[in-house]
Amino acid sequence: MNFYAIRAIYLFEMARTWRTLLQSIVSPVISTSLYFVVFGSAIGSHMKEIGGVSYGSFIVPGLIMLSLLTQSISNASFGIYFPKFVGTIYELLSAPVSSLEIVVSYVGAAATKSIILGLIILATAALFVPLHIEHPLWMMLFLVLTAVTFSLFGFLIGIWADGFEKLQLVPLLIVTPLTFLGGSFYSIDMLPPFWQKVTLFNPVLYLVSGFRWSFYGVADVNIGISLAMTLAFLAACLVAVWWIFKTGWRIKV
C-alpha cells in the first residue's frame, strides 16, 4: 500500500475544500438553516409531536442526511471527473499507484468533507431546536457509513459522466427526490397503507430511519434492516468500482 500516494491525493482534495470554503461548507449550512427556520419554526409550531419528539427536532436527522448524501456525491464525482476533464487522469493511471489507493484517497477525502459538514450542521441544529442523541456511537457509525457509501456512489457518477451537467443529473433528479420522499420530514406511519408499502422500496428511507433511531430511539423500520441495507448498497458500490478499474470502462478508453 503506497501511503505516500494516498496522503498526497487526499491532501490535494482536502485543500480544494478550503479554497472553496464558501461553496463547500458555508452554502450548505445556510441552506439547511433555512429549512430549520421554515419547517422547524414556522411549520413545526403548528404540528404535533411525532413519536414523542417535537417536529423541529424530528427533522434534524433527515436534514443532515439530505446534506450528507448530496455533498458526498458532489465532492466525490467532481473530484474524479476533473482529472478526466483536464487529462491528468492518465498521469495518475501511469503512476505507481494502484486502483485501490486511488479509490481510498478520493473517496476518503470526499467522505471526510461530508462528515465535517454533517457535524457542523448538527451543531447548527442545536441552535434552533433541542437535541438529544441516545446512541452517539450508532449515530457516528451511520454518519460514516453513509458518507463513505455515497462518496463511492459519487465516484461512480464522476467516472460515468462525460460532461459537467451529468454530475448534477443524478443528485438533482434522483437522490434529492428520494431523500424528500424517504421520511426526512415525516414518519411513514402518517401515510396511507398503500404509500407506506411503496416507500419501503425507497433505499434512502433505511438511511434516514436508522440515523433518526440513533437520535431518539424511534424508527420507521427495524435498525438491523437499516444497517443491512446500508451495507448492501456499500457492497454494491464497491463491486461496481472494482469492475470499472478491472475493465477500464470510461477511464482508459
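Here are the numbers for the structure shown:
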| item | result |
| --- | --- |
| Residue within the stretch 113-135 that is over 19 Å from Ser226 (Cβ atoms), surrounded by fewer than 21 Cβ atoms within 10 Å (Cβ to Cβ) and under 13 Å from the mean Cα position of the chain (by Cα) present | yes |
| Where a residue in the stretch 8-30 is within 15 Å of Ala111 (Cβ to Cβ) and its partner, wherever it lies, is among the aliphatic types (A, V, I, L, M) and outside any helix (DSSP H, G or I), with Cβ under 9 Å and at least six apart | Ile9/Val97 |
| Members of the stretch 233-250 found to be among the hydrophobic types (A, V, I, L, M, F, W, C) and in a loop (DSSP other than H, G, I, E, B), listed by number | Trp249 |
| Subset of the stretch 241-253 (residues that are under 21 Å from the mean Cα position of the chain (by Cα) and either surrounded by 17 or more Cβ atoms within 10 Å (Cβ to Cβ) or basic (Lys, Arg) (or both)) | Val241 |
| Entirely in the stretch 42-96, the helices (runs of 4 or more DSSP H) that have 2 or more residues that are within 30 Å of Tyr4 (Cβ to Cβ) | 60-86, 89-94 |
| Criterion violated by Glu134 - all others in (1) modelled with pLDDT under 90; (2) outside any helix (DSSP H, G or I) satisfied | (1) |
| All positions within the stretch 174-231 that are exposed (fewer than 14 other Cβ atoms within 10 Å of the Cβ), closer than 18 Å to Leu145 by Cα and over 15 Å from the mean Cα position of the chain (by Cα) | Asn222, Gly224, Ala228 |
| Members of the stretch 1-24 that are part of a helix (DSSP H, G or I), at pLDDT below 80 and of a type in the set (A, V, I, L, M) | Leu21, Leu22 |
| Criterion violated by Asn75 - all others in (1) within 11 Å of the chain's Cα centre (by Cα); (2) closer than 18 Å to Ile157 by Cβ; (3) of a type outside the set (Ser, Thr, Tyr); (4) surrounded by fewer than 24 Cβ atoms within 10 Å (Cβ to Cβ) satisfied | (4) |
| Hits in the stretch 75-90 - residues which are aliphatic (A, V, I, L, M) and in contact (Cβ under 8 Å) with a residue 60 or more places away in the chain | Ala76, Ile80, Ile89 |
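The values are calculated or read from the model by the stated rules, or taken from the named source; none is laboratory data. What you are looking at is a predicted structure, and each value in this text was computed from that prediction instead of being measured. Neighbour counts run over all protein chains shown; Cβ positions are idealised from the backbone, glycine included.
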